[in-house]
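One structure below.
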Amino acid sequence: MDRQRVVGRDYPSIIKQILTEYSQIKPANGEFEQEVIFDDTGKHYQLLQIGWIEGKKRVFRPVIHIDIKEDRIWIQYDGIEDGVTRELLAAGIPKDKIVLGFHSPSMRKYTEYAVE
């Protein structure tokens, strides 16, 4: 995905752009709607899949969940094959501003990203 590098710290706009772009990608299996949810007040951002697999199994699942806490982007859930972190880095967000919230606090220190 092409995007300009981040100027300043407009994290919500960058996250919204990334999630909106991913929402345009249609899943290969099943009949899903991709839905983006932006909560600017609470600073929560999600991409969800809602629909059916072969018309039999109901699907309601997060694909990506990102929060902004203080001055950091917390990736709470990342169900993207190559990882949404790669997209954030490509947008110019430094590693020390990204927390992999899906890792336990004790494991985060072993990543290249922020601990908290």
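Within region 54-70, the set of residues being within 18 Å of residue 26 (Cβ to Cβ) and surrounded by 18 or more Cβ atoms within 10 Å (Cβ to Cβ) comprises 63, 64. Looking at region 97-116 only, could you name the residues that are in a loop (DSSP other than H, G, I, E, B), loosely packed, with under 14 Cβ neighbours inside 10 Å and either touching a Pro at 6+ places or on another chain (Cβ under 9 Å) or without any contact (Cβ under 8 Å) to a residue 12 or more places away in the chain (or both)? 104, 109, 110, 116, listed by residue number.
Yes or no: region 33-44 includes at least one residue that is more than 11 Å from the chain's Cα centre (by Cα) and at pLDDT below 90. Yes, that holds for at least one residue. Scanning region 80-96 for residues that are surrounded by fewer than 19 Cβ atoms within 10 Å (Cβ to Cβ) and not aliphatic (A, V, I, L, M) turns up 81, 82, 83, 86, 92, 94, 95, 96. Among the candidates 18, 50, 25, single out the residue that is among the aliphatic types (A, V, I, L, M) and either at pLDDT 95 or above or surrounded by 15 or more Cβ atoms within 10 Å (Cβ to Cβ) (or both). Every option except 18 fails the conditions. Of the residues making up region 76-96, those that are touching a residue at least 40 places away in the same chain (Cβ under 8 Å) and either in a loop (DSSP other than H, G, I, E, B) or over 22 Å from residue 39 (Cα atoms) (or both) are 80, 90, 91, 92, 93.
Name the residue, out of 68, 73, 50, 64, that is assigned to a strand (DSSP E or B), within 21 Å of residue 116 (Cα to Cα), more than 10 Å from the chain's Cα centre (by Cα) and in contact (Cβ under 8 Å) with a residue 12 or more places away in the chain. None of the others qualify; the one that does is 68.
The values are calculated or read from the model by the stated rules, or taken from the named source; none is laboratory data. Fair warning: this is a prediction, and the values are worked out from it, not measured in the lab. As a convention, Cβ positions derive from the backbone with ideal geometry for all residues, glycine included, and neighbour counts pool all protein chains shown.
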